[in-house]
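These notes concern the structure reproduced below.
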Amino acid sequence: MKDRMVVMPISEQEMRLLTEIRKVEYGEATIYIRRGQPERIVKVKESIKLDENQ
């Protein structure tokens, strides 16, 4: 079966989501969705490892 490329329009929120995700160099981000559209991104700023054996 041949693969077909399909172009789908995206909303301004989706475009901004992709732009912001590309800015995250490392770490973790939580994306909040409302009514099928991205609403907010929360980036984890710092993580402190307490047990060096884990």
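Restricted to segment 4-42, and to residues that are β-branched (V, I, T) and in contact with a strand residue (DSSP E or B) (Cβ under 8 Å, 6 or more places away or on another chain), which residue is surrounded by the most Cβ atoms within 10 Å (Cβ to Cβ)? Result: I41. Considering segment 26-50, the residues that are part of a strand (DSSP E or B) and among the hydroxyl-bearing types (S, T, Y) include one that is farthest from I10 (Cα to Cα), namely T30. Looking at K43, K2, K49, just one residue is in contact with a helix residue (DSSP H, G or I) (Cβ under 9 Å, 6 or more places away or on another chain) and at pLDDT below 90, and that residue is K43.
The values are calculated or read from the model by the stated rules, or taken from the named source; none is laboratory data. No experiment lies behind these values; they were computed from the predicted model shown. Cβ: placed from backbone, ideal geometry, glycine included. Neighbour counts: every protein chain shown.
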